[in-house]
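Structure record follows, encoded as C-alpha coordinates.
The values are calculated or read from the model by the stated rules, or taken from the named source; none is laboratory data. Every value quoted in this text rests on a predicted model; they were computed, and no experiment measured them. A quick note on method: Cβ atoms are made from the backbone with ideal geometry, for glycine too, and the neighbour counts reach across all protein chains shown.
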Amino acid sequence: MAAGSIGNIREEVARIETLGTLPKVMTRIMDLVRDPEADALDLAQAISRDPALTLKLLRLVNSAAYGLHRRIMTVPDAVVVLGFDEVERLALSITVIDCLGLDRDSVKLTRQLWRHSLACSVACSVFELRYVTLMPNLRGAHVAGLLHDIGKAVLMQHFPNVYAGALQLAEADAYGICEAEQEVLDGYTHADVGRWVAEQWDLPHALAEAIGGHHEPDIDTIDEPLAHVTHIVDALCNTFGIHSGPGTSGEDINPKSIAMLPIDDDLAAAVRAQLNRHKNLISAVSAGAMF
Ligand SMILES: [Fe+2]
Ligand SMILES: [Fe+2]
(Lines give C-alpha, C1' and ligand atoms only; values in the text may rest on other atoms or scores of the structure.)
(Ligands and ions follow the chains in the order given, each with its own letter.)
Protein backbone atom coordinates (compact mmCIF):
# COMPACT_ATOMS: atom_id res chain seq x y z
CA MET A 1 0.00 0.00 0.00
CA ALA A 2 1.35 3.43 -0.89
CA ALA A 3 2.33 5.77 1.92
CA GLY A 4 -0.54 8.04 2.79
CA SER A 5 -3.26 5.64 1.65
CA ILE A 6 -5.34 3.25 3.66
CA GLY A 7 -7.42 0.17 2.91
CA ASN A 8 -10.24 -0.93 5.18
CA ILE A 9 -9.39 1.06 8.29
CA ARG A 10 -11.48 -1.07 10.62
CA GLU A 11 -9.76 -4.27 9.52
CA GLU A 12 -6.37 -2.64 9.69
CA VAL A 13 -6.96 -1.50 13.28
CA ALA A 14 -8.14 -5.01 14.22
CA ARG A 15 -4.88 -6.42 12.82
CA ILE A 16 -2.58 -4.35 15.06
CA GLU A 17 -1.03 -7.04 17.22
CA THR A 18 0.01 -4.84 20.13
CA LEU A 19 -3.64 -3.80 20.56
CA GLY A 20 -4.83 -7.41 20.66
CA THR A 21 -5.85 -7.67 24.31
CA LEU A 22 -5.83 -5.41 27.29
CA PRO A 23 -3.03 -6.20 29.75
CA LYS A 24 -4.32 -8.13 32.80
CA VAL A 25 -3.24 -5.44 35.24
CA MET A 26 -5.33 -2.90 33.37
CA THR A 27 -8.39 -5.16 33.41
CA ARG A 28 -7.91 -5.54 37.17
CA ILE A 29 -7.60 -1.78 37.70
CA MET A 30 -10.68 -1.14 35.54
CA ASP A 31 -12.63 -3.60 37.71
CA LEU A 32 -11.51 -1.77 40.85
CA VAL A 33 -12.70 1.54 39.37
CA ARG A 34 -16.23 0.17 39.11
CA ASP A 35 -16.24 -1.60 42.47
CA PRO A 36 -17.49 0.75 45.21
CA GLU A 37 -16.12 -1.69 47.82
CA ALA A 38 -12.56 -1.54 46.48
CA ASP A 39 -10.05 0.26 48.64
CA ALA A 40 -6.58 1.69 48.36
CA LEU A 41 -4.98 -1.57 49.42
CA ASP A 42 -6.65 -3.47 46.55
CA LEU A 43 -5.33 -0.89 44.11
CA ALA A 44 -1.82 -0.97 45.55
CA GLN A 45 -1.80 -4.77 45.37
CA ALA A 46 -3.02 -4.82 41.76
CA ILE A 47 -0.28 -2.41 40.71
CA SER A 48 2.46 -4.01 42.79
CA ARG A 49 1.87 -7.34 41.05
CA ASP A 50 3.28 -5.78 37.89
CA PRO A 51 6.95 -4.89 38.51
CA ALA A 52 7.39 -2.91 35.27
CA LEU A 53 4.32 -0.78 36.03
CA THR A 54 5.45 -0.27 39.63
CA LEU A 55 8.86 0.88 38.47
CA LYS A 56 7.45 3.33 35.94
CA LEU A 57 4.91 4.69 38.39
CA LEU A 58 7.51 5.33 41.09
CA ARG A 59 9.87 6.87 38.54
CA LEU A 60 7.15 9.23 37.39
CA VAL A 61 5.99 10.39 40.82
CA ASN A 62 9.60 10.92 41.90
CA SER A 63 10.54 12.81 38.71
CA ALA A 64 11.58 16.44 39.01
CA ALA A 65 8.75 17.45 36.70
CA TYR A 66 6.17 15.92 39.04
CA GLY A 67 7.51 18.17 41.76
CA LEU A 68 6.80 16.27 44.99
CA HIS A 69 8.79 17.40 48.01
CA ARG A 70 9.27 13.93 49.43
CA ARG A 71 10.46 10.66 47.99
CA ILE A 72 7.92 7.89 47.44
CA MET A 73 9.38 4.42 47.82
CA THR A 74 6.39 2.06 47.44
CA VAL A 75 3.02 1.91 45.70
CA PRO A 76 1.06 1.92 49.01
CA ASP A 77 3.08 5.00 49.95
CA ALA A 78 2.04 6.62 46.63
CA VAL A 79 -1.62 5.83 47.33
CA VAL A 80 -1.38 7.46 50.78
CA VAL A 81 0.37 10.60 49.51
CA LEU A 82 -1.38 11.06 46.15
CA GLY A 83 -4.75 9.42 46.71
CA PHE A 84 -6.58 6.51 45.10
CA ASP A 85 -7.79 8.42 42.02
CA GLU A 86 -4.44 9.90 41.13
CA VAL A 87 -2.54 6.62 41.40
CA GLU A 88 -5.22 4.82 39.44
CA ARG A 89 -5.07 7.51 36.73
CA LEU A 90 -1.28 7.22 36.53
CA ALA A 91 -1.31 3.43 36.45
CA LEU A 92 -3.90 3.38 33.67
CA SER A 93 -2.05 6.01 31.64
CA ILE A 94 1.25 4.17 31.90
CA THR A 95 -0.40 0.88 30.93
CA VAL A 96 -2.24 2.32 27.94
CA ILE A 97 0.82 4.17 26.70
CA ASP A 98 2.83 0.94 27.00
CA CYS A 99 0.16 -0.98 25.17
CA LEU A 100 0.23 1.49 22.31
CA GLY A 101 3.97 1.13 22.01
CA LEU A 102 4.80 4.77 22.58
CA ASP A 103 8.21 5.62 23.93
CA ARG A 104 10.49 8.48 24.92
CA ASP A 105 11.00 9.44 21.28
CA SER A 106 7.31 10.01 20.79
CA VAL A 107 6.62 13.18 18.92
CA LYS A 108 5.47 16.39 20.49
CA LEU A 109 1.92 15.78 19.32
CA THR A 110 1.67 12.50 21.22
CA ARG A 111 2.79 14.18 24.43
CA GLN A 112 0.29 16.95 23.78
CA LEU A 113 -2.42 14.33 23.34
CA TRP A 114 -1.69 12.61 26.67
CA ARG A 115 -1.41 15.95 28.46
CA HIS A 116 -4.89 16.74 27.13
CA SER A 117 -6.17 13.27 28.07
CA LEU A 118 -4.92 13.57 31.65
CA ALA A 119 -6.41 17.05 31.96
CA CYS A 120 -9.75 15.70 30.70
CA SER A 121 -9.52 12.88 33.22
CA VAL A 122 -8.92 15.36 36.05
CA ALA A 123 -11.85 17.52 34.87
CA CYS A 124 -14.08 14.44 34.59
CA SER A 125 -13.33 13.63 38.24
CA VAL A 126 -14.86 16.97 39.24
CA PHE A 127 -18.10 16.21 37.36
CA GLU A 128 -18.07 12.67 38.73
CA LEU A 129 -17.82 13.96 42.28
CA ARG A 130 -20.61 16.48 41.75
CA TYR A 131 -23.09 14.27 39.90
CA VAL A 132 -22.38 10.62 40.70
CA THR A 133 -24.99 10.44 43.46
CA LEU A 134 -27.67 11.63 41.03
CA MET A 135 -26.25 9.60 38.15
CA PRO A 136 -24.45 6.46 39.32
CA ASN A 137 -23.54 5.76 35.67
CA LEU A 138 -20.97 8.53 35.98
CA ARG A 139 -18.77 6.27 38.08
CA GLY A 140 -15.50 5.87 36.19
CA ALA A 141 -15.88 9.13 34.24
CA HIS A 142 -12.22 9.91 34.90
CA VAL A 143 -11.30 6.75 32.96
CA ALA A 144 -13.48 7.88 30.04
CA GLY A 145 -11.69 11.25 30.15
CA LEU A 146 -8.33 9.55 30.06
CA LEU A 147 -9.18 7.22 27.19
CA HIS A 148 -11.54 9.34 25.07
CA ASP A 149 -8.95 10.20 22.39
CA ILE A 150 -7.27 6.80 22.34
CA GLY A 151 -8.25 6.49 18.67
CA LYS A 152 -6.07 9.48 17.92
CA ALA A 153 -3.11 7.86 19.68
CA VAL A 154 -3.63 4.69 17.60
CA LEU A 155 -3.84 6.65 14.36
CA MET A 156 -0.74 8.71 15.16
CA GLN A 157 1.26 5.66 16.13
CA HIS A 158 0.14 3.11 13.56
CA PHE A 159 -0.97 5.17 10.55
CA PRO A 160 1.38 8.17 10.75
CA ASN A 161 1.41 8.96 7.05
CA VAL A 162 -2.35 8.87 6.61
CA TYR A 163 -2.89 10.76 9.84
CA ALA A 164 -0.40 13.43 8.81
CA GLY A 165 -2.77 14.17 5.92
CA ALA A 166 -5.64 14.75 8.36
CA LEU A 167 -3.47 16.97 10.56
CA GLN A 168 -2.42 19.01 7.54
CA LEU A 169 -6.04 19.59 6.56
CA ALA A 170 -6.89 20.59 10.14
CA GLU A 171 -3.85 22.84 10.37
CA ALA A 172 -4.95 24.67 7.25
CA ASP A 173 -7.91 25.72 9.41
CA ALA A 174 -10.41 24.73 6.80
CA TYR A 175 -11.51 21.70 8.84
CA GLY A 176 -12.12 20.59 12.38
CA ILE A 177 -10.12 17.46 13.19
CA CYS A 178 -13.10 15.11 12.83
CA GLU A 179 -13.98 16.41 9.36
CA ALA A 180 -10.32 16.24 8.35
CA GLU A 181 -10.13 12.62 9.55
CA GLN A 182 -13.28 11.73 7.64
CA GLU A 183 -11.61 13.02 4.46
CA VAL A 184 -8.66 10.63 4.79
CA LEU A 185 -10.25 7.70 6.66
CA ASP A 186 -13.23 6.76 4.50
CA GLY A 187 -15.66 8.78 6.61
CA TYR A 188 -14.41 7.55 9.99
CA THR A 189 -12.90 9.58 12.83
CA HIS A 190 -10.61 8.96 15.81
CA ALA A 191 -13.77 8.51 17.89
CA ASP A 192 -14.76 5.52 15.71
CA VAL A 193 -11.25 4.06 15.92
CA GLY A 194 -11.30 4.52 19.71
CA ARG A 195 -14.64 2.73 19.97
CA TRP A 196 -13.31 -0.24 17.95
CA VAL A 197 -10.27 -0.51 20.21
CA ALA A 198 -12.48 -0.27 23.33
CA GLU A 199 -14.67 -3.07 21.96
CA GLN A 200 -11.66 -5.15 21.07
CA TRP A 201 -10.42 -4.74 24.64
CA ASP A 202 -13.84 -5.67 26.04
CA LEU A 203 -14.07 -2.41 27.95
CA PRO A 204 -17.48 -1.75 29.53
CA HIS A 205 -20.11 -0.77 26.96
CA ALA A 206 -20.67 2.66 28.53
CA LEU A 207 -16.98 3.43 28.21
CA ALA A 208 -16.89 2.37 24.55
CA GLU A 209 -19.93 4.60 23.94
CA ALA A 210 -18.21 7.53 25.66
CA ILE A 211 -15.09 7.10 23.56
CA GLY A 212 -17.09 6.65 20.36
CA GLY A 213 -19.53 9.45 21.12
CA HIS A 214 -17.44 12.18 22.70
CA HIS A 215 -17.81 14.45 19.66
CA GLU A 216 -21.45 13.56 19.00
CA PRO A 217 -23.04 12.73 22.34
CA ASP A 218 -26.54 13.46 21.05
CA ILE A 219 -26.83 10.90 18.29
CA ASP A 220 -29.74 8.54 18.81
CA THR A 221 -27.77 5.48 19.78
CA ILE A 222 -25.92 7.24 22.60
CA ASP A 223 -27.61 8.11 25.84
CA GLU A 224 -24.72 7.70 28.19
CA PRO A 225 -23.83 10.30 30.83
CA LEU A 226 -20.22 9.22 30.28
CA ALA A 227 -20.38 10.34 26.64
CA HIS A 228 -21.85 13.70 27.67
CA VAL A 229 -19.34 14.39 30.44
CA THR A 230 -16.44 13.44 28.18
CA HIS A 231 -17.78 15.74 25.47
CA ILE A 232 -18.07 18.62 27.96
CA VAL A 233 -14.61 18.30 29.49
CA ASP A 234 -13.04 17.85 26.06
CA ALA A 235 -14.49 21.20 24.97
CA LEU A 236 -13.54 22.85 28.30
CA CYS A 237 -9.93 21.66 28.17
CA ASN A 238 -9.66 22.78 24.54
CA THR A 239 -10.98 26.19 25.58
CA PHE A 240 -8.39 26.34 28.39
CA GLY A 241 -5.66 25.70 25.80
CA ILE A 242 -4.96 22.11 26.91
CA HIS A 243 -5.89 20.71 23.53
CA SER A 244 -4.91 17.60 21.65
CA GLY A 245 -3.65 19.10 18.41
CA PRO A 246 -4.81 21.00 15.32
CA GLY A 247 -8.51 21.41 14.56
CA THR A 248 -9.67 20.91 18.12
CA SER A 249 -10.78 24.41 19.07
CA GLY A 250 -14.17 25.90 18.45
CA GLU A 251 -16.36 22.87 19.11
CA ASP A 252 -19.49 24.06 20.89
CA ILE A 253 -20.76 22.11 23.85
CA ASN A 254 -23.88 20.21 22.88
CA PRO A 255 -27.04 21.64 24.55
CA LYS A 256 -28.18 18.10 25.46
CA SER A 257 -24.95 17.60 27.41
CA ILE A 258 -25.40 20.87 29.29
CA ALA A 259 -29.00 19.97 30.08
CA MET A 260 -27.87 16.66 31.54
CA LEU A 261 -24.87 18.04 33.42
CA PRO A 262 -25.40 21.76 34.10
CA ILE A 263 -22.23 23.78 34.70
CA ASP A 264 -22.61 26.51 37.31
CA ASP A 265 -19.88 28.90 38.46
CA ASP A 266 -18.89 26.63 41.36
CA LEU A 267 -18.40 23.66 39.08
CA ALA A 268 -16.41 25.67 36.53
CA ALA A 269 -14.23 27.04 39.36
CA ALA A 270 -13.72 23.52 40.74
CA VAL A 271 -12.58 22.29 37.30
CA ARG A 272 -10.07 25.13 37.04
CA ALA A 273 -8.85 24.52 40.60
CA GLN A 274 -8.33 20.80 39.98
CA LEU A 275 -6.49 21.45 36.71
CA ASN A 276 -4.31 23.90 38.59
CA ARG A 277 -3.73 21.38 41.37
CA HIS A 278 -2.59 18.84 38.81
CA LYS A 279 -0.47 21.20 36.76
CA ASN A 280 2.76 19.42 37.73
CA LEU A 281 1.44 16.11 36.49
CA ILE A 282 0.15 17.69 33.31
CA SER A 283 3.49 19.37 32.63
CA ALA A 284 5.38 16.17 33.54
CA VAL A 285 3.52 14.48 30.70
CA SER A 286 4.38 17.33 28.31
CA ALA A 287 8.00 16.86 29.32
CA GLY A 288 7.80 13.16 28.40
CA ALA A 289 8.11 11.84 31.99
CA MET A 290 5.45 9.23 31.34
CA PHE A 291 7.09 7.60 28.32
FE1 LIG B 1 -11.61 13.70 20.35
FE1 LIG C 1 -10.13 15.27 23.29
Q.
Kindly evaluate Ile6 against the criterion of being out of contact with any Cys (no Cβ under 9 Å at 6 or more places or on another chain), modelled with pLDDT under 90 and in a loop (DSSP other than H, G, I, E, B).
A. yes
Q: Would you be able to tell me the number of residues in the range 257-291 that are of a type outside the set (Ser, Thr, Tyr) and at pLDDT 90 or above?
A: 19
(Q) So if I check each of Ile242, Ile282, Ile211, Ile232, which one is in contact (Cβ under 8 Å) with a residue 60 or more places away in the chain, in a helix (DSSP H, G or I) and touching a His at 6+ places or on another chain (Cβ under 6 Å)? (A) Ile211
Q: Name the single residue, out of those in the range 139-150 being among the small types (Gly, Ala, Ser) and within 10 Å of the chain's Cα centre (by Cα), that is nearest to Leu275 (Cα to Cα).
A: Gly145
Q.
Six or more apart or on different chains, Cβ atoms under 7 Å: show the pairs whose first residue is in the range 128-156 and under 26 Å from Cys99 (Cα atoms) and whose second is of a type in the set (Phe, Trp, Tyr) and within 16 Å of ligand 1 (Cβ to nearest atom).
A. Leu155/Tyr163; Met156/Tyr163
**Q.** Matching residues, the range 157-167, being in a helix (DSSP H, G or I) and either in contact (Cβ under 8 Å) with a residue 12 or more places away in the chain or hydroxyl-bearing (Ser, Thr, Tyr) (or both)
**A.** Gln157, His158, Asn161, Val162, Tyr163, Ala164, Gly165, Ala166, Leu167
